[in-house]
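The values are calculated or read from the model by the stated rules, or taken from the named source; none is laboratory data. All of these numbers come straight from a predicted model, not from anything done at the bench. Note that each Cβ is placed from the backbone with ideal geometry, even for glycine, and that neighbours are counted across all protein chains shown.
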């Protein structure tokens, strides 16, 4: 990020700020880890068989975290931000001012 800020280039600054976006994979994995721990296995068959009481009732917070993280990861509402085509720039070497 420091390189983008020091160059005083608009596109470099935007690219540097995008690297600071919160990663949604970590909460998703942690929410799934609770299910794996409760089931005692990573096998989907064992997870299904271990649900005498549905895990969504035992871990409602884990479900909410997983659902919000998955929604954010696929850019669905309320996490989708409209971007114009002119704002999406794929430049390998940004131009220097002046």
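Summary of computed values
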read-out: Inter-residue pairs, beta-carbon under 9 Å, first at positive phi and in segment 24-52, second surrounded by 11 or more Cβ atoms within 10 Å (Cβ to Cβ) and in a loop (DSSP other than H, G, I, E, B), 6+ apart; value: 40/50
read-out: Top-ranked residue of segment 56-87 - restricted to ones that are closer than 16 Å to residue 27 by Cα, loosely packed, with under 14 Cβ neighbours inside 10 Å and within 15 Å of the chain's Cα centre (by Cα), ranked as modelled with the lowest pLDDT; value: 79
read-out: Odd one out for residue 36 among (1) modelled with pLDDT of 95 or more; (2) loosely packed, with under 10 Cβ neighbours inside 10 Å; value: (2)
